[in-house]
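Step one of this worksheet: look at the structure below.
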Amino acid sequence: MILANARLPEGFADVEIAGGLIVATHPPGKAPPANDRIDIAGMLLLPAFVDGHLHLDKTHWGAPRLPHVEGRGVRERIAAERVQRHRVALPIEARAAALVRTLIANGTTRLRSHVDIDNDVGLDNLEAVIAVREAFRDWIDVQLVAFPQSGVTTEAGAPDLLAAALMAGADLIGGLDPGGFDGDVKGQLDIVFGLAEAFGKGVDIHLHDFGEAGAAELRDIAERTIAAGLQGRVAVSHAFALGTIPPSLFEQTADFLARAEVAIMTSCPPSAPVPPVNALRARGVTVFAGSDNIRDCWSPYGDGDMLDRAAIIAERHQMFADRELRDAFALATSEADKALGDPRRGLRPGAVADLVAVEAASVADAVVDRPARTLVLRAGRIAAERGVPSAALASVQVPGALRSSEAETELQMKAVEQALRAELEARR
Ligand SMILES: [Zn+2]
């Protein structure tokens with residue numbers, strides 16, 4: 001296959017693709033003849049995007065919007081979710097599949113999703129998301145994190161459930177605010193790192209804890225990472241503490257993270273004190289981007305578009321120069337690929353041909369303009385055109401994702417809303 005007249009950073013070229021990989025770039029018109037030739041007429045070619053943090057099991061994507069239950073703290077959100085999670089109109093398989101199709105149409109071909117593991121859902125959510133991963137295996141690479149949404153030491157039986165999740169197919173072990181939620185930093189981290197070592201898995205911990213307490217947890221995680229020989233395989237998601245501590249403590253903490261090769265994931269919510277991306281990167285810490293919650297009980301927002309995410313990050317961190325806009329883009333491409341391990345994307349020969357073509361003159365233009373994704377290729381196959389999944393991608397079926405008619409869905413949604421309102425009224 002030849003992708004002709006592509007705009008690359010070094011100029012225009014014909015990109016030769018074979019066996020799902022980029023094999024060579026040629027001056028325009030100089031590529032060997034090919035059966036399959038797509039002329040992209042000077043469009044900018046980008047490596048496909050990586051979404052480093054999602055919750056495929058939580059999303060309501062594809063179902064009508066549920067009213068957001070009020071209350072801001074982590075505990076309040078968990079309580080609200082326990083009410084809502086059993087009442088969303090469509091099964092997880094249907095919602096996660098709908099979101100995955102949208103992500104791919106937006107240009108994302110690799111993701112990491114956390115999946116709730118607790119006594120309320122057991123391994124049900126994980127099994128549903130694994131079915132989605134299997135169904136879309138040819139179209140997107142999916143890493144799953146066993147996420148203890150209801151705590152580790154404070155949720156009876158959580159360690160055994162997490163171990164079962166790792167045996168059932170989760171790729172990494174998660175964690176949740178060891179201090180702020182479980183109130184037992186040592187207890188939670190002993191279990192999380194113990195499971196990582198026992199199963200040979202990476203770690204990705206949700207850490208919302210602010211201030212010096214959160215920073216101490218980050219240093220603790222870094223020390224444990226080195227002790228377990230897990231350098232390069234541990235990430236901390238959010239790490240809001242890094243945005244709330246004085247400069248000297250920040251520098252000390254960032255140096256711990258860099259030495260241990262612990263990566264920091266930011267979704268850069270406009271509503272939280274986020275880790276300073278540029279200062280972290282300047283001290284050698286890998287920072288990567290993710291959408292986090294998309295239209296679920298935690299956030300009514302989100303669109304699964306990593307160009308939007310890069311722009312949000314760039315604006316929040318005053319990354320305005322072209323070089324800085326390229327840096328923001330890297331958080332959703334090369335840096336995320338590095339943080340997730342086994343980086344194989346890029347515009348170089350030998351890289352997997354997961355590519356996105358857009359009407360833009362440069363990466364900086366693409367971040368600012370967020371143009372439509374004219375073409376998305378997955379391993380050299382057309383996955384989507386102009387935001388619409390290809391027939392092959394659209395036809396992917398997930399067992400368990402029963403397709404209800406729109407009328408049925410609407411009726412279900414009305415019943416769900418009524419039950420929810422009644423429950424909320426009863427609580428007041
Ligand atoms: Zn999350």
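The values are calculated or read from the model by the stated rules, or taken from the named source; none is laboratory data. Quick caveat: nothing in here was measured; it's all calculated off a predicted structure. As a convention, Cβ positions derive from the backbone with ideal geometry for all residues, glycine included, and neighbour counts pool all protein chains shown. Heavy atoms of the whole protein, side chains included, go into the accessibility calculation; ligands, DNA and RNA do not. Shrake-Rupley method; radii C 1.70, N 1.55, O 1.52, S 1.80 Å.
A single entry from ASP354, ASP342, ASP327 fulfils the requirement of being under 21 Å from the mean Cα position of the chain (by Cα) and open to solvent by less than 40 Å² (accessible area, probe 1.4 Å): ASP354. Just checking, does region 192-202 include any residue being touching a residue at least 40 places away in the same chain (Cβ under 8 Å), in a loop (DSSP other than H, G, I, E, B) and not acidic (Asp, Glu)? Checking region 192-202: not a single residue is touching a residue at least 40 places away in the same chain (Cβ under 8 Å), in a loop (DSSP other than H, G, I, E, B) and not acidic (Asp, Glu). Here GLN252 fulfils each of the conditions (1) over 30 Å from ARG77 (Cα atoms); (2) of a type outside the set (A, V, I, L, M, F, W, C); (3) under 19 Å from the mean Cα position of the chain (by Cα) apart from (3).
Results for (1) within 30 Å of VAL234 (Cα to Cα); (2) crowded, with 21+ Cβ neighbours inside 10 Å, shown as yes or no for each residue.
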{"residue": "ALA6", "(1), (2)": "no, yes"}
{"residue": "PHE12", "(1), (2)": "no, no"}
{"residue": "ILE22", "(1), (2)": "yes, yes"}
{"residue": "HIS26", "(1), (2)": "no, no"}
{"residue": "PRO33", "(1), (2)": "no, no"}
{"residue": "ARG37", "(1), (2)": "no, no"}
{"residue": "GLY42", "(1), (2)": "no, no"}
{"residue": "LYS58", "(1), (2)": "yes, yes"}
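For region 50-82, give me the residue count where each residue is touching a Lys or Arg at 6+ places or on another chain (Cβ under 9 Å) and of a type in the set (Val, Ile, Thr). Qualifying residue count, region 50-82: 3.
Restricting attention to region 165-189, the residues being among the hydrophobic types (A, V, I, L, M, F, W, C) and surrounded by fewer than 16 Cβ atoms within 10 Å (Cβ to Cβ) number 2.
Mind listing whichever residues of region 264-279 are closer than 25 Å to THR109 by Cβ and part of a loop (DSSP other than H, G, I, E, B)? Selection gives SER267, CYS268, PRO269.
Of the residues making up region 51-87, those that are among the β-branched types (Val, Ile, Thr), in contact with an Asp or Glu (Cβ under 8 Å, 6 or more places away or on another chain) and within 16 Å of the ligand (Cβ to nearest atom) are THR59, VAL74. Just name the residue that is nearest to VAL115 (Cα to Cα) out of those in region 269-293 that are crowded, with 24+ Cβ neighbours inside 10 Å and within 14 Å of the ligand (Cβ to nearest atom). The selected residue is ASP292. Of everything in region 182-202 that is over 22 Å from PHE250 (Cα atoms) and hydrophobic (A, V, I, L, M, F, W, C), the residue that is nearest to the ligand (Cβ to nearest atom) is VAL192. Looking across region 106-135, the residues that are within 26 Å of ILE264 (Cα to Cα) and away from the ligand (no atom under 16 Å from the Cβ) come down to ASN106, GLY107, THR108, THR109, ARG110, ILE130, ARG133.
Looking across region 294-310, the residues that are open to solvent by less than 10 Å² (accessible area, probe 1.4 Å) and away from the ligand (no atom under 16 Å from the Cβ) come down to LEU307, ALA310.
Among the residues of region 190-244, write down those that are under 21 Å from ILE313 (Cα atoms) and surrounded by fewer than 22 Cβ atoms within 10 Å (Cβ to Cβ).
HIS208, PHE210, PHE240, GLY243, THR244
Restricting attention to region 205-242, the residues being on the phi > 0 side of the Ramachandran plot and either more than 17 Å from the chain's Cα centre (by Cα) or more than 16 Å from the ligand (Cβ to nearest atom) (or both) number 3.
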